[in-house]
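The values are calculated or read from the model by the stated rules, or taken from the named source; none is laboratory data. Since the model is a prediction, treat every value here as computed from it, not as a measurement. We place every Cβ from the backbone using ideal geometry, glycine too, and count neighbours over all the protein chains shown. With ligands, DNA and RNA removed, areas are computed over all heavy atoms of the protein, side chains included. Shrake-Rupley method; radii C 1.70, N 1.55, O 1.52, S 1.80 Å.
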Amino acid sequence: MKPVIQIEELRKQYVIGDQEIYALRGVSLSIEVGDFVAIMGPSGSGKSSMMNVIGCLDKPTSGEFFLDGYPVSQAHDDELAVIRNQKIGFVFQNFNLLPRTTAVENVELPLLYGGTPARERREKAIRALTSVGLAERLNNKPNELSGGQQQRVSIARALVNDPVILLADEPTGALDTKTSEEIMGIFQKLNDAGKTVILVTHEPDIAEYAKRIVRFRDGQIIADEVVEDRRRVSMEGRADELS
Amino acid sequence: MSFLECVRISFRSIRANGLRSVLTMLGIIIGVAAVIAMVAIGEGTSTSVASQINGLGSNLLIVTPGQATQGRVSLGAGSLNTLTMADAEALMQKESISGVAPSVNTRGQIVWGSNNYSSMLEGTSADFPQVRNVEVGQGRFFSNFEVKMQYNVAVVGTEVVSNLFKGANPVGQTVQINRIPFTIIGVLQSQGSSGMTNNDDRIIIPITTAMNRLTGGKNVGSIYVSAASPDLMEKAQQDIQQALRANHKLRPQAADDFRITSQSDILSTAQSVSSSMTALLSGIAAISLIVGGIGVMNIMLVSVTERTREIGIRKAIGAKRGDILRQFLIEAVTLSLIGGVIGIALGVGAAFLVSKFSQMATSISLSPIMYAFLTSTLVGVIFGVYPARKAAQLKPIDALRYE
């Protein structure tokens with residue numbers, strides 16, 4: 001299988017004040033289509049920098065990065081915007097929904113920047129929200145939704161453009177255990193349906209929902225292992241919500 | 001993202017910060033309203049001044065004495081008393097001239113019974129009503145015969161009537177002007193005031209009577225001349241010059257010792273005064289518009305900072321620089337355009353109220369409205385570009401991390 005993410009010798013360094021910080025020191029990583037990878041590591045390990053590069057939010061200092069075969073490391077800012085729009089679905093720890101904007105409008109946003117016509121946009125957004133079990137909450141604003149519901153809206157937003165990867169940055173960090181489990185269930189279901197999921201987390205419990213764990217420390221990968229005893233969320237009774 | 005979407009987004013964010021948006025717009029509203037109202041008042045004034053000057057007389061030429069010079073220093077208009085009754089009589093012979101009204105002015109005390117009143121006293125000829133475009137409302141004006149025979153007759157303005165006669169019919173009454181008895185034979189129709197002079201507050205008597213019994217001089221203050229037709233204005237002006245030079249026995253190389261002013265000269269002077277007035281007023285108003293624009297920029301900068309996270313989210317899910325730039329620019333323009341429209345409405349309303357509740361005339365034309373509309377759009381663009389660029393240049397990771 002052809003890798004959806006192909007990273008070679010990636011380096012990233014920042015200058016803060018007069019101090020140079022090496023966030024990534026030669027990272028190579030390959031992720032196949034349909035994989036479910038958890039990126040773990042303590043803070044300062046470089047996992048956030050890795051996530052920013054994979055998410056095309058930041059450019060590496062050196063090294064190669066191919067996303068879906070496309071060489072991202074040389075891309076221009078506006079090209080990166082298009083790549084983020086078309087190929088990546090983001091799910092953030094603090095949801096990052098637009099305030100004072102309804103769920104369906106939030107989900108429509110990527111389509112808006114992608115240039116989808118209004119009617120099709122609305123249809124797709126409703127379909128995405130229905131798939132995460134929020135068909136009844138289309139016109140609620142974020143402050144009218146619970147944390148779990150907000151995260152599901154942001155998953156719907158991530159999915160609406162049918163991206164090649166789902167990139168989740170601590171998606172359960174602001175949620176309680178039960179809700180976290182629900183959210184991880186959604187990710188597993190999506191992964192089962194063939195979507196590539198990359199999860200950044202520092203919680204071992206959450207990482208065990210993935211198929212593979214990549215551990216970072218001091219800007220390098222120190223371990224890359226298959227999860228032996230994978231946790232599964234039982235999806236009985238809610239199969240109708242996910243399609 | 002389409003233009004319409006941008007407008008929708010900007011409307012939503014303007015509504016979301018209602019009070020702040022209104023306060024921001026207030027600068028633009030006041031600026032635009034001020035421009036519209038000022039221009040309306042300025043144009044109204046210049047129209048009414050023009051109509052007043054046209055009301056001075058028909059095809060009017062005014063001959064005034066020239067300026068004396070002493071060692072090449074001008075002593076100012078009126079420093080020579082070169083005009084005489086003979087000059088006025090000479091002008092009457094010209095075919096291009098239909099009426100001549102020489103004029104002497106003084107103040108006079110007019111007494112009727114136990115009432116007395118002080119007013120402008122003007123001695124003139126029987127041509128006065130025609131030349132000066134004045135009509136007699138009640139009674140009649142004095143005749144050439146009465147002028148020639150130095151009759152003690154007087155025609156008064158309405159202001160004099162109301163102050164002196166207090167409701168009684170003045171025609172036929174005998175009054176004393178500077179202790180000389182006069183008979184009132186007519187009342188002038190009310191003309192209103194032009195600038196500082198109240199045209200209803202005057203007493204008109206035959207110029208011969210005035211010169212011989214009141215002012216005592218030999219010279220007339222000025223001569224009002226009416227050309228026979230508008231086409232003959234030029235000709236009349238030449239005739240006057242020729243006649244007066246002959247009368248004054250001026251040598252060919254000598255300068256005129258009088259000055260001829262035409263109605264159109266006065267008109268253009270007054271118009272240039274009122275148009276520079278308008279320019280001044282609208283200049284001041286334009287400054288407030290600029291201040292309003294700075295207000296828009298200020299709020300947009302605050303808005304960009306406040307919505308850094310929103311910008312980050314939008315960028316993360318695929319907004320390009322151009323999308324963000326357009327969004328904030330359209331927001332600034334929408335803000336100032338709404339302000340502009342409200343300002344136009346307020347300005348037109350203010351101009352209407354001014355003309356309704358005060359003496360000032362106002363005239364609202366389309367051009368200042370278009371100008372205000374255009375300017376407020378421009379203000380939005382100019383003062384919106386910087387904040388919008390600032391927003392567009394934010395890096396998505398920095399913007400997302402912003403708390």
What number does the range B:354-402 give for Rg over Rh if you use C-alpha atoms and the Kirkwood radius? 1.44
Name the residues of the range B:243-283 whose amide N is less than 19 Å from a point 7 angstrom out from the Cα of residue B:365 along the C-beta direction? B:267-283
P(r) histogram, all alpha-carbon pairs of the range B:81-256 included - 5 Å bins from 0, percent: 1, 8, 17, 20, 18, 15, 9, 6, 4, 1, 0, 0
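Full extension from residue A:21 to residue A:192: what is 0.36 nm times the residue separation minus their Cα-Cα distance, to one decimal in nm? List each step's numbers first, then the result.
Numbers: separation 171, 0.36 × 171 = 61.56 nm, distance 3.85 nm.
Working it through step by step, the gained length comes to 57.7 nm.
Ignoring any ligand, DNA or RNA, what whole percent of the accessible area of chain A comes from carbon and sulfur when the probe is 1.4 angstrom?
46
Beyond 21 Å between alpha-carbons counts as too far, so tell me which of A:59/B:315; B:148/B:235; A:87/B:315; B:166/B:356 fall in that bin. Each step should come with its number before you reach the end.
On the way: A:59/B:315 15 Å; B:148/B:235 28 Å; A:87/B:315 14 Å; B:166/B:356 30 Å.
From A:59/B:315; B:148/B:235; A:87/B:315; B:166/B:356, over 21 Å: B:148/B:235; B:166/B:356.
Tell me, in nm to one decimal, what length is gained between residue B:162 and residue B:15 on full extension, where the rule is 0.36 nm per residue of separation less the Cα-Cα distance? Show your work: numbers first, answer last.
Values: separation 147, 0.36 × 147 = 52.92 nm, distance 6.08 nm.
Stretched out fully, the residue B:162 to residue B:15 stretch lengthens by 46.8 nm.
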Grab the other residues whose beta carbon is less than 11 angstrom from that of residue A:98, score K and R as +1, D and E as -1, and report the net. +4
Of the DSSP H helices in chain B, the ones reaching 27 Å or more along their long axis in Cα terms and averaging at least -1.0 in Kyte-Doolittle hydropathy are B:18-54, B:263-306, B:321-357, B:366-392
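Arranged from highest to lowest average of other beta-carbon atoms within 10 Å per residue, in what order do the peptides B:136-145, B:238-247 appear?
Top to bottom by mean Cβ count within 10 Å: B:238-247, B:136-145.
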Per residue accessible area of the protein assembly as shown, 1.4 Å probe, in Å²: 47
Report, for the protein assembly as shown, the % of DSSP beta bridges that are antiparallel, rounded to 5. 70
Give me the percent relative contact order of chain B, please, defined on Cα pairs under 8 angstrom at least 6 residues apart. 29
Rounded to the nearest 10 degrees, what's the angle between the helix A:77-87 long axis and the longest principal axis of chain A, both from Cα atoms, 0 to 90? 50
As a percent rounded to 5, the proportion of antiparallel DSSP bridges among beta bridges in the range B:81-256 is 75
R0 of 56 Å, Cβ-Cβ distance residue B:265-residue B:174: FRET efficiency to nearest 0.05: 0.85
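Would you mind putting B:278-286, B:313-321 in packing order, based on average other-beta-carbon counts within 10 Å, highest first?
The densest-packed peptide leads the list: B:313-321, B:278-286.
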Per chain B, sqrt(5λ) over the Cα gyration tensor eigenvalues, sorted largest first, in Å, gives 68, 25, 16
Accessible area buried between chains A and B, both sides summed, probe 1.4 Å, in Å² to nearest 100: 2200
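Which value at 222 nm does the protein assembly as shown reach when only helices count, each DSSP H run of 4 or more adding -39,500 (n - 2.57), with the total divided by all residues and rounded to the nearest 500 deg cm²/dmol?
For the protein assembly as shown, the value works out to -14500 deg cm²/dmol.
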Förster radius 30 Å - calculated FRET efficiency between residue A:100 and residue A:174, Cβ distance, rounded to 0.05: 0.90
Contact order normalised by residue count of chain A, Cα under 8 Å, 6+ apart, percent: 27
Place a +1 charge on the Cβ of each Lys and Arg in the range B:81-256 and a -1 charge on the Cβ of each Asp and Glu, then give the dipole magnitude about the Cα centre in debye, rounded to the nearest 20. 560
In nm, give the distance between the simple-model label positions of residue B:143 and residue A:64, each being 7 Å from the Cα along the Cα-to-Cβ direction. 12.1
Subtracting the Cα-Cα distance of residue B:352 and residue B:212 from 0.36 nm times their residue separation yields 45.2 nm
Hull volume in cubic angstrom per residue (convex hull over the Cα atoms of the range B:214-350): 280
Just going by the charge dipole of the range A:91-232, with Lys and Arg at +1 and Asp and Glu at -1 on Cβ, which of A:134, A:209, A:193 is farthest out on the positive end? A:134
Just list whichever of A:2/A:178; B:94/B:249; A:124/B:390 have alpha carbons separated by over 27 Å in the model shown. A:2/A:178; A:124/B:390
Give me a single rounded figure for B:317-326: the average over its residues of other chain Cβ atoms within 10 Å of their Cβ. 6
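Using the alpha carbons of chain A, what is the convex hull volume per residue in cubic angstrom, as a whole number?
134
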Could you give the C-alpha radius of gyration of the protein assembly as shown expressed as a fraction of 2.2 N^0.38 Å, taking N as the number of residues it contains? 1.73
Can you tell me the orientation of helix A:118-131 relative to chain A, as the angle in degrees between its alpha-carbon axis and the longest Cα principal axis, to the nearest 10? 90
Residues of the range A:53-88 buried by at least 10 Å² on assembly (accessible area, 1.4 Å probe, chain alone as reference): A:57, A:58, A:77, A:78, A:81, A:82, A:84, A:85
